[in-house]
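Before any comments, here is the structure.
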Amino acid sequence: MYSAIVFLPLLGFLIAGLFGRQIGARMSEIITTSLLFIAAALSWVAFFQVGFGATKLLVPVLGEWIVSGGLRVDWAFRIDTLTVVMLVVVNTVSALVHLYSIGYMHEDPHRPRFFAYLSLFTFAMLMLVTSDNLVQMFFGWEGVGLASYLLIGFWYEKPSANAAAIKAFVVNRVGDFGFALGIFMIFALTGSVALDQIFAAAPGLANKPMQIFGMNVDAMTLTCLLLFMGAMGKSAQFLLHTWLPDAMEGPTPVSALIHAATMVTAGVFMVARLSPLFEQAPVALSVVIFFGATTAFFAATVGLVQNDIKRVIAYSTCSQLGYMFVALGVGGYSLAIFHLFTHAFFKALLFLGAGSVIHAMHHEQDMRKMGGLAKRIPITFWMMIIGTLALTGFPLTAGFFSKDAIIEAAFASQRSGAIYAFILTAIAAGLTSFYSWRLIYMTFFGEPRWANAGHGHQVDDHGQAAPVKSADGHAVAHGHADAHTHGVAVHAETHSEPVDGHHDHAHHVEPHESPKVMLIPLYVLAFGAIFSGLIFRNAFIGDAGAQFWNQSLYYGPQNNILEDLHHVPALVPFVATIMMATGFIVSTWMYIYAPGSAGRLAERHHILYRFFLNKWYFDELYDFIFVRPAFWLGRLFWKSGDGKIIDRFGPDGVSARVIDAAGRVVKLQTGFVYHYAFAMLIGVAGFITWYLLGGVR
């Protein structure tokens, strides 16, 4: 069963990828989607067998992979509760995304390639979460990176999509370099990359010093920091977050798959899987807390002012990932996985709901050109409402149980940085509520602004048509606002997705509800967004947690965070709900009862507004520090080093001298017989002279 769960998506990839042209787009869709639904169904069977049944740990070995000296690596699946939770999340969301894509991508001529990429992405993620050793995990880790590159750049005719794909690939390689070094460190310390051997050796590595560049450092702290560096890249944490918003250049189903349940949660899964190591490195866990809290706050501030509907949800993902890392940092590994589990449902719901809005608006993504859609697309509207309630933590929804528990755990923790995390995550909860309801109001309420969305104009927060302006205040053509591309640092705010490789800029649109094939996944995800927290809370973080997880997550003897969060002051459990209500009230007042106040507030604090709108200027900063120097250095080596020195004195110089010599020698070939006879005479005379003077002894 477990081999089928993992390899059915690979089979779908091979069929659609190799034979897509022969079997056609419709058969490619049906085959890949059917295989994913079979894998999803089997994943739920495994979930109940392992999580709630007698089966607790299986390690089926598929075969021998690498044997080199003391290194032995097998192809093996590690099937425990953490694995089956991830199997359910990955395969369920991927199956629904496949089904949704049948409707969303119906006009695209390259559907077999798209569905092949989706299945390849899913297979790589499954290899990652089922790995029984770090090398196999790294294989899946890099496979996810490759597939994400292919999916983000699926519409390769768009330069912005190509740049976004390259940016995601490059930024992730930075984190992956740290992850690889962490794996090398683990092998050096334990002599193995197999998880069981590593976990058995972990307690003996606590406080073990080692020499690095002449300095004594704690071996486990350094190792875990390197591993976390890999997690920062994949899960888009602060400083390595810049690729995530630009990943919106891919089709909307790709955004849902990458941001909801797969690639961005790989880092969270990896830290949770290696919890026996992180428990021996409290300093590293404090670093995890700091970056998680900072990410939650940073992304929430940027989400406040975004106007692209997908980018608002993308920054929401970034912020929620910060919550998960705060939970990991305080030692609440099951809290992090619980939020990962619930987040997959409501975030996939929001992304696919946004795709339904974009589909209804003929591929328009700018919320300033929407409004009044609640009556036109009521089903999508209510699905988005459900997703928003779950995201903001409305009582009894999925987000209420998981996100609120993380905030309480941050307050209860005694680890360094925990209070910092509590303050920032509480503030982020209010900001999340504000920008989530801002999205709902700008998209579904107010007067329809479709007629005002003429070419060369944008609609401001007042609902008024205004010229599109760039960051420097100059009027520019539609679709090019805030579009400054420096190398791989992409800032383009694209407001449409291509249909058949072209952009649809229909401005006088009649919004229409999406087909059933796109709405059915929304119904399923809405059920999960409402009830998944209520149903599974006790198993994940409640009294049944110890039996459910069965040591697939490791808690050290001093780690009592799951108990401590139940003994916080009476007001703390209500902090998240109070912040959620505050954000809702402020957003409702600004966008419903006092329309235009948001625009006036932005004008009054224009410096702060531009700071948030330009994402704290990280793209510009990285462009200045890394991208431009890298290009300058590349041009220097290319033009000066390679061209002027190596080529000039090497291949080009040798070939030039050969040509010169040949040019001189060829002049001897005149074609006149008497010239050749004269040359022969000279040769004979020379031979005779040599023979007479020195040739005979």
Answer with yes or no whether F631 is under 30 Å from G372 (Cβ atoms), in contact (Cβ under 8 Å) with a residue 60 or more places away in the chain, open to solvent by 30 Å² or more (accessible area, probe 1.4 Å) and among the aromatic types (F, W, Y). no
Would you mind listing the helices (runs of 4 or more DSSP H) fully within the stretch 584-697 where at least 2 residues are acidic (D, E)? 618-622, 651-665
Of all residues in the stretch 53-102, which are out of contact with any Leu (no Cβ under 7 Å at 6 or more places or on another chain), of a type in the set (A, V, I, L, M, F, W, C), under 17 Å from Q136 (Cα atoms) and open to solvent by 10 Å² or more (accessible area, probe 1.4 Å)? L58, V59, V61, L62, W65, I66, V67, L71
Would you kindly identify the helices (runs of 4 or more DSSP H) lying entirely within the stretch 207-260 that contain at least 1 residues that are polar (S, T, N, Q) and buried (at least 24 other Cβ atoms within 10 Å of the Cβ)? 219-234, 252-260
Would you say V89 is assigned to a helix (DSSP H, G or I) and either out of contact with any Cys (no Cβ under 9 Å at 6 or more places or on another chain) or hydrophobic (A, V, I, L, M, F, W, C) (or both)? yes
Condition met for E107 (part of a loop (DSSP other than H, G, I, E, B) and either open to solvent by 70 Å² or more (accessible area, probe 1.4 Å) or more than 21 Å from A539 (Cβ to Cβ) (or both)): yes
Here are some residues: I166, I198, I183. Which one is more than 19 Å from the chain's Cα centre (by Cα) and touching a residue at least 60 places away in the same chain (Cβ under 8 Å)? I198
Close pairs (7 angstrom Cβ cut-off, 6 or more residues apart or separate chains): in contact (Cβ under 8 Å) with a residue 40 or more places away in the chain and within 16 Å of G103 (Cα to Cα) in the stretch 12-34, part of a helix (DSSP H, G or I) and of a type in the set (S, T, Y) anywhere: T32/S119
Looking only at the stretch 417-434, count how many residues are of a type in the set (G, A, S) and within 13 Å of A299 (Cβ to Cβ). 2
Of the conditions (1) free of Cβ contacts under 8 Å to residues at least 60 places away in the same chain; (2) closer than 15 Å to T265 by Cα; (3) aliphatic (A, V, I, L, M), L146 clears all except one; give me its number. (2)
Sole miss for L668 among (1) open to solvent by less than 70 Å² (accessible area, probe 1.4 Å); (2) over 27 Å from the mean Cα position of the chain (by Cα); (3) free of Cβ contacts under 8 Å to residues at least 60 places away in the same chain is condition (1)
Could you grab me the full set of residues in the stretch 592-602 that are hydroxyl-bearing (S, T, Y) and open to solvent by 40 Å² or more (accessible area, probe 1.4 Å)? Y593
Of the candidates L42, L8, the one satisfying the condition of being under 27 Å from the mean Cα position of the chain (by Cα), touching a residue at least 40 places away in the same chain (Cβ under 8 Å) and under 15 Å from L87 (Cβ atoms) is L42
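The values are calculated or read from the model by the stated rules, or taken from the named source; none is laboratory data. For clarity, every value in this text was computed on a predicted model and none was experimentally measured. No Cβ is skipped: glycine too gets one built from the backbone with ideal geometry, and neighbour counts run over all protein chains shown. Only protein heavy atoms, including side chains, enter the accessible area calculation; ligands, DNA and RNA are left aside. Shrake-Rupley method; radii C 1.70, N 1.55, O 1.52, S 1.80 Å.
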